[in-house]
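A.B. asks: Let me give you the structure first, and then I'll get to my questions.
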Amino acid sequence: MLELRIGHTTIELRFLFLAMLTLCLLLDETGIAVMGLLAGTMHECGHLIAVLLTGFSPKRIAFEMTGIRMEHPLSRLTNRKEAVVLLAGSMVNFIMLPVCFFMGWQAFGATHLVLGVMNLMPFQGLDGGKLLSLLLTRFFSLYKSEKILKIIQIVLNIFISIICILLFYHGQGNPTMLVLCIYLWVSIF
């Protein structure tokens, strides 16, 4: 792991990130991996800009095997500012969608759409799960909020899994969809 400190922010570059990036770039002949990486980077820049606009800087930016993860100083942000920071990534993706289509980059626009929507899904590791948790804790105890969130995640994942399996079974899906379902199930438990 390579670690760099800029002000109060630690930037970590992990070996598995570089290995996964290299593997994706070598095996992907379609260019989707590059588009996903660019869209993901723009998504994270949306979070970073929102954090900086609140007057804080992120504690840590980690380039990990599953992507780029940024730890915000959430303990010092109000719930409203935290919600804005969480929404900022997907908002960048949704802003880029019409820009990409206008420029004739439909595949890149579709990548932004998928990334923006996926990140708003109510799963714990995603922005949507964190947003829903913020909302639930306003009305319920932390324990009850976590239970409600888990039930929502399970019901939604059953629905997504059925769709992915049916598409795969009828030859209209691909193995990536099944991997996504497994990833979502693991993120719940």
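The values are calculated or read from the model by the stated rules, or taken from the named source; none is laboratory data. Just so it is clear, the model here is predicted, and its values are computed rather than measured. Backbone-built Cβ (ideal geometry, glycine too); neighbour counts: all protein chains shown. For accessibility, only protein heavy atoms count, side chains too; no ligands or nucleic acids. Shrake-Rupley method; radii C 1.70, N 1.55, O 1.52, S 1.80 Å.
A.B. asks: Quick one: if you stick a label point 7 Å off each Cα along the C-beta vector at residue 38 and residue 3, how many nm between them?
C.D. replies: Modelled inter-label distance: 3.4 nm.
A.B. asks: Still on this model: In units of 2.2 N^0.38 Å, what is the alpha-carbon radius of gyration of region 1-82?
C.D. replies: Taking N as the residue count of region 1-82, the ratio is 1.23.
A.B. asks: Tally the DSSP beta bridges in the chain and give the antiparallel ones as a percent, rounded to 5.
C.D. replies: If I count the DSSP bridges inside the chain, around 70 percent turn out antiparallel.
A.B. asks: For residue 12, what charge total do you get from the other residues with a beta carbon under 13 Å from its beta carbon, if Lys and Arg give +1 and Asp and Glu give -1? Provide the component values of the computation, followed by the final result.
C.D. replies: On the way: positive: 5, 14, 59, 60, 69; negative: 3, 64, 71.
It works out to a net charge of +2.
A.B. asks: Return the calculated 222 nm mean residue ellipticity for the chain, to the nearest 500 deg cm²/dmol, obtained by summing -39500 (n - 2.57) across DSSP H runs with n ≥ 4 and dividing by the residue count.
C.D. replies: Details: 7 runs with 129 residues, N = 189.
That calculation yields -23000 deg cm²/dmol at 222 nm.
A.B. asks: Treat every Asp and Glu Cβ in region 1-142 as -1 and every Lys and Arg Cβ as +1, leave all other atoms uncharged, and give the resulting dipole magnitude about the Cα centre to the nearest 20 debye. Write out the running numbers ahead of the final one.
C.D. replies: Details: 10 positive and 9 negative charges, 123 e Å.
Computed about the Cα centre, the dipole is about 580 debye.
A.B. asks: How large is the charge dipole for region 70-189, taken about the Cα centre, if only the Cβ atoms of Lys, Arg (+1) and Asp, Glu (-1) carry charge, to the nearest 20 debye? Don't skip to the end; give the middle numbers.
C.D. replies: Values: 8 positive and 4 negative charges, 82 e Å.
Roughly 400 debye, rounded to the nearest 20.
A.B. asks: The list (1) 46, 36, 33; (2) 39, 36, 31; (3) 48, 39, 37 gives values of Cα extents along the principal axes in Å, and only one came from this structure; which label was calculated from it?
C.D. replies: Step by step, Cα extents along the principal axes in Å for this structure corresponds to label (3).
A.B. asks: Tell me, what is the 1.4 Å probe accessible area of residue 68, in Å² to the nearest 10?
C.D. replies: 40 Å²
A.B. asks: Ignoring any ligand, DNA or RNA, what whole percent of the accessible area of the chain comes from carbon and sulfur when the probe is 1.4 angstrom?
C.D. replies: 73 percent
A.B. asks: Mind ranking 71, 12, 29, 44 by accessible surface for me, highest first, 1.4 Å probe?
C.D. replies: Solvent-accessible surface, decreasing: 29, 71, 44, 12.
A.B. asks: So, in nm, how far is label residue 172 from label residue 22 when the simple model puts each one 7 Å beyond its Cα toward the Cβ?
C.D. replies: Result for the modelled spin labels: 4.0 nm.
A.B. asks: Shape call for region 107-161 from the C-alpha gyration tensor, a ≥ b ≥ c root eigenvalues: rounded (a/c under 1.5), prolate (a/b greater than b/c) or oblate? Display every interim value, and only then the final one.
C.D. replies: Working: a/c = 4.27, a/b = 1.87, b/c = 2.28.
Oblate, since a/c reaches 1.5 and b/c is not below a/b.
A.B. asks: While we're here: Eight or more residues apart or on different chains, and alpha-carbon atoms under 17 Å: count the Lys pairs in the chain matching that. Provide the component values of the computation, followed by the final result.
C.D. replies: Working: 59/81; 81/130; 130/144; 130/147; 130/150.
Final tally of qualifying lysine pairs is 5.
A.B. asks: Net charge around residue 68, counting only other residues with Cβ within less than 14 Å of its Cβ (Lys, Arg = +1; Asp, Glu = -1)?
C.D. replies: Here the charged neighbours net out to -2.
A.B. asks: Give, as a single signed number, the net charge of other residues whose beta carbon lies under 15 Å from the beta carbon of residue 3, with Lys and Arg counted +1 and Asp and Glu -1.
C.D. replies: So the environment of residue 3 carries a net charge of +2.
A.B. asks: What does the accessible area per residue of the chain come to in Å², with a 1.4 Å probe and no ligands, DNA or RNA counted?
C.D. replies: 62 Å²
A.B. asks: While we're here: Leaving ligands, DNA and RNA out of it, rank 185, 105 by accessible area with a 1.4 Å probe, largest first. Walk me through the intermediate numbers first.
C.D. replies: Numbers: 185 80, 105 125 Å².
Of 185, 105, the descending order of accessible area is 105, 185.
A.B. asks: Using label points projected 7 Å from each Cα along Cα→Cβ, tell me how many nm separate residue 102 and residue 30, to one decimal.
C.D. replies: With each label placed 7 Å out from Cα toward Cβ, I get 2.7 nm.
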